[in-house]
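Chemist: Submitted below is the structure of interest, expressed as structure tokens.
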Amino acid sequence: MTAKEQLLQEIQHTSEPLIQEVLDFLLFARSRNYNFAEPKVVNKQQPHQSIEIDWSAKWEQWFTECESVSIPNSNQQSTNEYTNLLINKYRKQGLEL
């Protein structure tokens, strides 16, 4: 099963707020043009060999980049769709930026 197929399957059993968080991250990653390469299989005899991913480093990088997003004031229009989504999300939660 591919990662895409597994993600689609998991979405079927996930709450809407968590799906929104995943969507926010996906849009962020796409806006940054992340180039995640497919892992290379070194030994074809063991195709199910797992590759360790340092998720805490990936999340730390994401949070660091979120902190550097410039916040437009109400008179300024943002040029980034992700920035608009993030700002609107926080404003819906009652946070002033």
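Values in this text are rule-based calculations from the coordinates and carry no lab data. The shown structure was predicted, so the numbers you read here are calculated from the model rather than taken from an experiment. So basically every Cβ, Gly included, is an ideal-geometry build from the backbone, and we count neighbours across all protein chains shown.
Chemist: What is the local net charge at residue 88, summed over the other residues whose Cβ is closer than 12 Å to its Cβ (Lys, Arg +1; Asp, Glu -1)? Working shown, then result.
Modeler: On the way: positive: 89, 91, 92; negative: 24, 81.
Net local charge, residue 88 excluded: +1.
Chemist: On to the next question. In a shell of Cβ-Cβ distance under 13 Å around residue 18, excluding residue 18 itself, what net charge do Lys and Arg (+1) and Asp and Glu (-1) give? Could you put the intermediate results ahead of the total?
Modeler: Values: positive: none; negative: 10, 16, 21, 24.
Net of charged neighbours comes to -4.
Chemist: At R0 = 30 Å, how high is the FRET efficiency between residue 91 and residue 6 if r is their beta carbon distance? Nearest 0.05 is fine.
Modeler: That gives a FRET efficiency of 0.35.
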